[in-house]
1. So is residue 248 assigned to a loop (DSSP other than H, G, I, E, B), surrounded by fewer than 19 Cβ atoms within 10 Å (Cβ to Cβ) and either modelled with pLDDT of 95 or more or at negative phi (or both) or not?
2. Here is a list: 307, 254. Which entry is more than 10 Å from the ligand (Cβ to nearest atom), without any contact (Cβ under 8 Å) to a residue 24 or more places away in the chain and either in contact with a strand residue (DSSP E or B) (Cβ under 8 Å, 6 or more places away or on another chain) or over 23 Å from residue 364 (Cβ atoms) (or both)?
3. Consider the range 220-245. How many of its residues are farther than 17 Å from residue 261 by Cα, within 15 Å of the ligand (Cβ to nearest atom), outside any helix (DSSP H, G or I) and touching a helix residue (DSSP H, G or I) at 6+ places or on another chain (Cβ under 6 Å)?
4. Just a yes or no: is a residue in the range 139-153 in contact with a strand residue (DSSP E or B) (Cβ under 7 Å, 6 or more places away or on another chain) and either in a helix (DSSP H, G or I) or outside the structural domain of residue 52 (by TED's automatic domain parsing) (or both)?
5. Of all residues in the range 257-266, which are in a loop (DSSP other than H, G, I, E, B), farther than 17 Å from residue 186 by Cα and in contact with a strand residue (DSSP E or B) (Cβ under 6 Å, 6 or more places away or on another chain)?
6. Kindly indicate whether any position in the range 12-35 is surrounded by 15 or more Cβ atoms within 10 Å (Cβ to Cβ), part of a loop (DSSP other than H, G, I, E, B) and in contact (Cβ under 8 Å) with a residue 12 or more places away in the chain.
7. Quick check, is residue 122 under 25 Å from residue 309 (Cα atoms), within 10 Å of the ligand (Cβ to nearest atom), assigned to a helix (DSSP H, G or I) and not assigned by TED's automatic domain parsing to the domain that holds residue 264?
Ligand SMILES: C[S@@+](CC[C@H](N)C(=O)[O-])C[C@H]1O[C@@H](n2cnc3c(N)ncnc32)[C@H](O)[C@@H]1O
């Protein structure tokens, strides 16, 4: 397995002494409720309050400001204390924000992950074992009877949709500028955005280049949402939509025009290995020697930091329990093998795109 240097150092030898290892195991065993404590400290504004009151606040002051009973505030604060989210001054009995509490409050990635895990995944995790055993998204059933989450995205409850899109956008948006610089540097005239979702990338693409045309292909429900989101926006006349279920093997990639770049951002992770080979084979069929497929993915082995790699391997389990039961966040070895099986070769890899460890794999025939 290829691993970026930092990961190699920590994943190839035991990182903890016995006491630390036992502490971690205890944390994991209470992980479900620690997660809820973190979420509620944010929801009730307790972390915000402590951040605003660096001089500290008593439990009673916190309870009153948060609109909670003394009992509720005490339970939350004591569990926050024992998990190092807050600190206490034993002379004054005042609580203070600890560093971990500050990150829970201010780290945008952590906030997107918390909302995603609570609103989209939490109930689904309960049947993760069924999903793993059956290769079916068993945790999706309580939302609706769709084969995958993608058919249901536009009909999910509002808050669930908000958190799904918040997560999806967080992990793509900040990489778009660097990705676009690479795309524009190659004089791209027409780009096919496969799985372009609500058109956020397409809008940035037309806004950053006055002549480029973008065609998005996605499921019919998403093309409808994309039209609603882009209509009337500057450059939207250069964004086109094609309704396409890519899992229908009889469906070929559009050949109405010659696409210089076939763009797949956070797309292939939505599919099983077999499905990826089929998608890439059909994409390869419309390539000539001058155009390229650009695959942007967050490959978990190409991360510099353990939390990034951990978030990605955990996201795989969202795919298992909620999304489709058979896809994941891939690593370099797996994706390379699938690309080659589809008759393609990787010409270049750009790493550390955006602030989230995205990679762009440029593939040619
Ligand atoms: C994780 S989102 C990525 C969206 C966007 N490209 C980005 O980078 O944020 C995956 C996209 O693939 C689309 N998709 C999933 N299954 C599909 C299918 N069977 N056919 C076409 N599009 C599909 C979804 O609708 C969604 O827009």
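1. Values: assigned to a loop (DSSP other than H, G, I, E, B): yes; surrounded by fewer than 19 Cβ atoms within 10 Å (Cβ to Cβ): yes; either modelled with pLDDT of 95 or more or at negative phi (or both): yes.
In short, yes.
2. Values: 254 fails: without any contact (Cβ under 8 Å) to a residue 24 or more places away in the chain.
Only one candidate passes the filter, namely 307.
3. Our first condition is that a residue be farther than 17 Å from residue 261 by Cα; within the range 220-245, this holds for 220-237, 243-245.
With the extra rule that they be within 15 Å of the ligand (Cβ to nearest atom), the set shrinks to 220-230, 243-245.
Filter once more, keeping what is outside any helix (DSSP H, G or I): 243-245.
In the following step, the residues that additionally are touching a helix residue (DSSP H, G or I) at 6+ places or on another chain (Cβ under 6 Å) were identified as 243.
Adding up the residues that qualify gives 1.
4. In the first step, residues of the range 139-153 are kept if they are in contact with a strand residue (DSSP E or B) (Cβ under 7 Å, 6 or more places away or on another chain); the result is none.
The answer is no, given that none of the residues of the range 139-153 is in contact with a strand residue (DSSP E or B) (Cβ under 7 Å, 6 or more places away or on another chain) and either in a helix (DSSP H, G or I) or outside the structural domain of residue 52 (by TED's automatic domain parsing) (or both).
5. First, pick out the residues of the range 257-266 that are in a loop (DSSP other than H, G, I, E, B): 257-260, 266.
Next cut, farther than 17 Å from residue 186 by Cα only: 257, 266.
Matches in the range 257-266: 257 only.
6. Scanning the range 12-35, I find no residue that is surrounded by 15 or more Cβ atoms within 10 Å (Cβ to Cβ), part of a loop (DSSP other than H, G, I, E, B) and in contact (Cβ under 8 Å) with a residue 12 or more places away in the chain, so the answer is no.
7. Values: under 25 Å from residue 309 (Cα atoms): yes; within 10 Å of the ligand (Cβ to nearest atom): no; assigned to a helix (DSSP H, G or I): yes; not assigned by TED's automatic domain parsing to the domain that holds residue 264: yes.
So residue 122 fails the test.
Listed here are the residues, each with its yes/no results for (1) near the ligand (Cβ under 9 Å from one of its atoms); (2) farther than 13 Å from residue 266 by Cα; (3) without any contact (Cβ under 8 Å) to a residue 12 or more places away in the chain.
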{"residue": "149", "(1), (2), (3)": "yes, yes, no"}
{"residue": "157", "(1), (2), (3)": "no, yes, no"}
{"residue": "160", "(1), (2), (3)": "no, yes, no"}
{"residue": "170", "(1), (2), (3)": "no, no, no"}
{"residue": "173", "(1), (2), (3)": "yes, no, no"}
{"residue": "176", "(1), (2), (3)": "yes, no, no"}
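The values are calculated or read from the model by the stated rules, or taken from the named source; none is laboratory data. What you see is a predicted model, and the numbers here were worked out from it, not measured in a lab. Neighbour counts are summed over all protein chains in view; Cβ atoms, including those assigned to glycine, are modelled from backbone coordinates with ideal geometry.
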